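The values are calculated or read from the model by the stated rules, or taken from the named source; none is laboratory data. Note that the structure is predicted; figures quoted are calculated from it, not measured. Cβ placement follows ideal geometry from the backbone for every residue including glycine, while neighbour counts extend to all protein chains displayed. The area values use the complete protein model at the heavy-atom level, side chains included, leaving out ligands, DNA and RNA. Shrake-Rupley method; radii C 1.70, N 1.55, O 1.52, S 1.80 Å.
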Amino acid sequence: MTTTPSTAPDILSPEFAADPYPAYRTMREDFPLIRHQATDAYIVSRYEDVARAFKDPVFTSRNYDWQLEPVHGRTILQMDGREHSVRRALVAPAFRGKDLQEKFLPVIERNSRELIDAFRDAPEADLVGQYATRFPINVIVDMLGLDRADHGRFHVWYTSIIDFLGNLSQDPEVAAAGVRTRDELAAYMIPIIQDRRARPGDDLLSVLCAAEIDGTRMSDEDIKAFVSLLLAAGGETTDKAIAGLFRNLLAHPEQLAAVREDRTLIPAAFAETLRFTPPVHMIMRQPSEDVEMSGGTIPAGATVTCLIGAANRDESRYADPDTFNIFREDLTTSSAFSAAADHLAFALGRHFCVGALLAKTEVEVGVNHLLDAFPAMAFADGDGDGEAPAETGVFTRGPGSLRVRFGQRV
């Protein structure tokens, strides 16, 4: 039997926004299927149900028609069948293997160092405002071969897009700002795309313009929509992953010390951060037919809100799930950045995040650079031994700021 919001936690409540994790536990245990009237959606929270919603073909991504298309245009996330497989094959090579290592790793390293240089000699810094929110967006702009002077402009657009996507309460001003950003980004990108077709360079935008499979190429609108999606998906996950990773490690000094000593542990720290404090807490799906899930039936065509943040702490899947532990044995680091991942932070199945390896590369570079630059770190509040800063956000979530004090340089 389906439960109702009057007896279950409300994802729009102030209490949920302040700390969703107790609510997630209540949902998993007592309300695995919630009919949430305010968002006109069914909410699932158990690991097995969220994983199924990502992998079972009965669950489509048609919800993106209203959720993403108004701000991005039509993207690869909305496509199915051959259309999806061909579009994915057109864009995927740039985010893995030779292209990633040879063409874009230097771009990633340069942007990381430039941001760190700005506060390298300071006694403290905000790793969110001065690094994490800037780093992935700057990398994307440079990968695309766009004007580096527009880094700030893209950061504004990125922020507006993320606010639009997380606008669960349907604030009209946030919605209007997202639509303005869509128009501004299109006016900026379309002429550049057309120019790059005529005069290709050695950049991601030129690769996208030239890519062809079985006679299919991406239109100007396809590429513009992908760039918009890349800003949101490629920026938000890496932004909040880096901030969350350092927040988690600083709150567990013995694990931070272990990572400092053995940098091969960085992927494990990233994977555990994706499980423990995922950047994206919810993803929507839409079943094409009635589906039986834990707690009842979801009708065809309904919006299903899949709570990644809840599923990743499911006691039936992870031992001691509310503890951050980079050494846990029930999370496989070797597959954590592929469609065979144990955690659900990148989704699963055919819509598994195409940029997962790019995010992994950015995080590994960023964490290594920050640890190299600052041999000692602690939370900057009080004597540096205070509690971790609070996370903010509902749709996406992470520390709003992360002020860190740097100790004696060597």
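Check the range 246-257 and report whether any residue there is in contact with a strand residue (DSSP E or B) (Cβ under 9 Å, 6 or more places away or on another chain), buried (at least 22 other Cβ atoms within 10 Å of the Cβ) and under 20 Å from Leu357 (Cα atoms). Yes. The residues listed here are Thr297, Thr305, Thr323, Thr333; of these, the one that is touching a residue at least 60 places away in the same chain (Cβ under 8 Å), closer than 24 Å to Glu391 by Cα and of a type in the set (S, T, N, Q) is Thr305. The single residue among Gly398, Gly355 that is crowded, with 21+ Cβ neighbours inside 10 Å, in contact with a Phe, Trp or Tyr (Cβ under 6 Å, 6 or more places away or on another chain) and of a type outside the set (Asp, Glu) turns out to be Gly355. Might you check whether a residue that is assigned to a helix (DSSP H, G or I) and without any contact (Cβ under 8 Å) to a residue 40 or more places away in the chain occurs anywhere in the range 218-232? Yes, the range 218-232 contains a residue that is assigned to a helix (DSSP H, G or I) and without any contact (Cβ under 8 Å) to a residue 40 or more places away in the chain. Among the criteria (1) touching a Phe, Trp or Tyr at 6+ places or on another chain (Cβ under 9 Å); (2) hydrophobic (A, V, I, L, M, F, W, C); (3) within 29 Å of Phe226 (Cβ to Cβ); (4) surrounded by 22 or more Cβ atoms within 10 Å (Cβ to Cβ), the one Ala345 does not fulfil is (1). When the residues of the range 181-203 are filtered to those that are farther than 26 Å from Phe164 by Cα and not small (Gly, Ala, Ser), which remaining residue is farthest from the chain's Cα centre (by Cα)? For the range 181-203, the residue satisfying everything is Arg199. The sole residue among Glu173, Glu109, Glu184 that is in contact with a helix residue (DSSP H, G or I) (Cβ under 9 Å, 6 or more places away or on another chain), open to solvent by 30 Å² or more (accessible area, probe 1.4 Å) and free of Cβ contacts under 8 Å to residues at least 60 places away in the same chain is Glu184. Note on the range 142-168: among residues that are of a type in the set (A, V, I, L, M) and within 17 Å of His72 (Cβ to Cβ), the one that is surrounded by the fewest Cβ atoms within 10 Å (Cβ to Cβ) is Val156.
Among the residues here, Asn325 does not qualify as within 20 Å of the chain's Cα centre (by Cα), polar (S, T, N, Q), surrounded by 12 or more Cβ atoms within 10 Å (Cβ to Cβ) and modelled with pLDDT of 95 or more. When you check Leu204 against the structure, is it crowded, with 19+ Cβ neighbours inside 10 Å and within 30 Å of Val404 (Cβ to Cβ), yes or no? The answer is no for Leu204.
The residue that is surrounded by the most Cβ atoms within 10 Å (Cβ to Cβ), among those in the range 299-322 that are over 22 Å from the mean Cα position of the chain (by Cα) and under 30 Å from Trp66 (Cα atoms), is Ala302. Among the residues of the range 113-133, none qualifies, meaning not one is surrounded by 18 or more Cβ atoms within 10 Å (Cβ to Cβ), at pLDDT below 90 and either basic (Lys, Arg) or in a helix (DSSP H, G or I) (or both). Mind checking whether some residue in the range 164-176 is modelled with pLDDT under 85, within 25 Å of Tyr131 (Cβ to Cβ) and not in a helix (DSSP H, G or I)? Yes, that holds for at least one residue. Taken as a whole, the condition of being among the β-branched types (Val, Ile, Thr) and either open to solvent by 20 Å² or more (accessible area, probe 1.4 Å) or under 26 Å from Asp49 (Cβ atoms) (or both) applies to Thr392.
Summed over the range 37-78, residues that are aliphatic (A, V, I, L, M), within 20 Å of the chain's Cα centre (by Cα) and in a loop (DSSP other than H, G, I, E, B) total 1. The requirement of being over 21 Å from Glu69 (Cα atoms), assigned to a helix (DSSP H, G or I), open to solvent by less than 10 Å² (accessible area, probe 1.4 Å) and touching a residue at least 40 places away in the same chain (Cβ under 8 Å) is fulfilled nowhere in the range 282-292; no residue meets it.
Residue by residue, here is whether (1) over 24 Å from Asp239 (Cβ atoms); (2) in contact with a Pro (Cβ under 8 Å, 6 or more places away or on another chain); (3) part of a helix (DSSP H, G or I); (4) not β-branched (Val, Ile, Thr) holds:
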| residue | (1), (2), (3), (4) |
| --- | --- |
| Asp320 | yes, no, no, yes |
| Asn325 | no, no, no, yes |
| Asp330 | yes, no, no, yes |
| Ser338 | no, no, no, yes |
| His343 | no, yes, no, yes |
| Ala347 | no, no, no, yes |
| Cys353 | no, no, no, yes |
| Leu357 | no, no, yes, yes |
| Thr361 | no, no, yes, no |
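Checking each residue in the range 263-277 for being touching a residue at least 60 places away in the same chain (Cβ under 8 Å) and not in a loop (DSSP other than H, G, I, E, B) picks out Arg263, Leu265, Ile266, Pro267, Ala268, Ala269, Phe270, Ala271, Leu274, Arg275.
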